[in-house]
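Reading through the structure tokens given below for one structure.
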Amino acid sequence: MMQILVYDDLPNIAKSLANKIRNAYDDANVTVVDRSKFQDLMEEVNNRRAARRRDRNEASLIEPTDVDRADLVVVDYDLLRYSEAGDTTGSRLAYLLRCFTECGLIVVLNEYGTNTFDMSLRSPTQDFADLHLGAAQIGNPGLWSGSFEGYRPWHWPVLPDAREKFEKCVEDVRENLDRAILDFLGLSRVIDWMPKRAHEFFLGSGDMETVRFEAFVKQARAGIDSKDELSSECMARVAAARIVALLNGVILPEQSLLVDAPHLVSRFPSLIGDEGQDIHHWNRLCDPLDEEVDGLLKASLTEQRFKKQHWLWRPAWYWPDIARDERIAEVRDPWRIVEIDWVFCENVSRFVPAEYADDFRADVPPPFSKRYILRRNVPETVKLVSQIGSKGTQDPLVVDYVPQAAFSV
């Protein structure tokens, strides 16, 4: 059973969040943390922090607590009523939890709105949250399983799956702490395709191509406070969490170094094969938990697939390799034009007829910045939404889409 802690300084809201999680995921043991337990947590974290600064080995003797055993921690961004001074934001708490406990995933709520879809597609990576989310969506089934209807942003992880993957990533780091990160991940050979934001992520740690996990945590701008000292276990967990954020929040959204299945077939429709006239076959590629997605593609692309799959929240391939694979019709004949009648919508994680979609410009470099969401407030879309799911916050038409400037003119 998944052990989940909820931190919100308003008890009624905290209980509501817990109930939404229980209703969305049967295998959840959810505990609401009250003010006194929060104060105990802060005292424990600060003691560990001070102990590590006094003696790097002292923290290894500290007994585990409930938060160390938690698979998921859900934290409201505004925690002012928990504590009248000090670290009172969810993002700051996320930093402390990641650096001084052994908890699983950390989700911060409401820093960017309670029910918003960020069309920039630039996942926040400046703090230590594994996911930022509006509280209205915490009970969305698509956040908890591969079965969903209606609104379900494609960039979301499936939390129980992401939790299991995270522990595998931590194990990787434990065993390879002194290994160059990009070499370990198989990204050093495509370093020339590395997005600008990835370079920024490594600032301060030296040569991006040779930086090792431990040096990254200690020196990079994306790392820890300069005076903090971490146990070896927390060092591994920080490194894993930050590189998972880099891959899923920076590299994959750009779709220019790594490309996932829906965006891949949108560029090269011939990969669908003879079933390409059936939109249902296209939508079979949109299951974030389907690791056997290769079998739905006409060409065998296993050699081009990103091998460290548990580091990603969905399957992906090296775009530089795909783009020069002449087994693919569109690569062999760049002038080949295959008209398709549907587009992939980022807000509902599915293909829909093109007339039901609005295009927008994500805040990523060209040529792949043009993306789509389900069109809003037209009769055809309302009818389509009723078919794919429109229960409460799962209705994509009630979500706030920001920034409005992202919509194409």
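Among the lysines of the chain, pairs at least eight places apart or on separate chains and with Cα atoms under 17 Å apart come to 8. Each principal axis of the Cα cloud of the range 227-362 was evaluated for its coordinate range; sorted largest first, these ranges are 57, 33, 25 Å.
Restricting the calculation to Cα atoms, the range 160-261 shows an Rg/Rh of 0.95 when the hydrodynamic-style radius is the Kirkwood one.
Direction-averaged projected area, Cα convex hull, the range 1-79: 5.8 nm², rounded to one decimal.
In this label model, residue 83 and residue 307 are separated by 4.4 nm, measuring between points 7 Å along each Cα→Cβ vector. Computing Rg and the Kirkwood Rh from the Cα coordinates of the chain gives a ratio, Rg/Rh, of 0.97.
Subtracting the Cα-Cα distance of residue 300 and residue 53 from 0.36 nm times their residue separation leaves 83.7 nm of extension gain.
When a 1.4 Å probe is rolled over the protein heavy atoms, the share of accessible surface on the chain that falls to carbon and sulfur comes to 47 percent.
Annotation: per residue accessible area for the chain equals 44 Å², rounded to a whole number [probe 1.4 Å, protein chains only]. With bins 5 Å wide beginning at 0, the percent of Cα pairs of the range 65-210 falling in each bin runs 2, 8, 14, 17, 20, 17, 13, 7, 2, 0, 0.
Summed over qualifying helices (DSSP H, 4 residues or more, each -39500 (n - 2.57)) and divided by its residue number, the chain shows a 222 nm mean residue ellipticity of -9000 deg cm²/dmol.
The values are calculated or read from the model by the stated rules, or taken from the named source; none is laboratory data. Please read these numbers as outputs of a predicted model, since none were measured by experiment. All Cβ positions, glycine included, derive from the backbone under ideal geometry; neighbour counts span all protein chains shown. Keep in mind that these areas ignore ligands, DNA and RNA; they rest on the heavy atoms of the full protein, side chains included. Shrake-Rupley method; radii C 1.70, N 1.55, O 1.52, S 1.80 Å.
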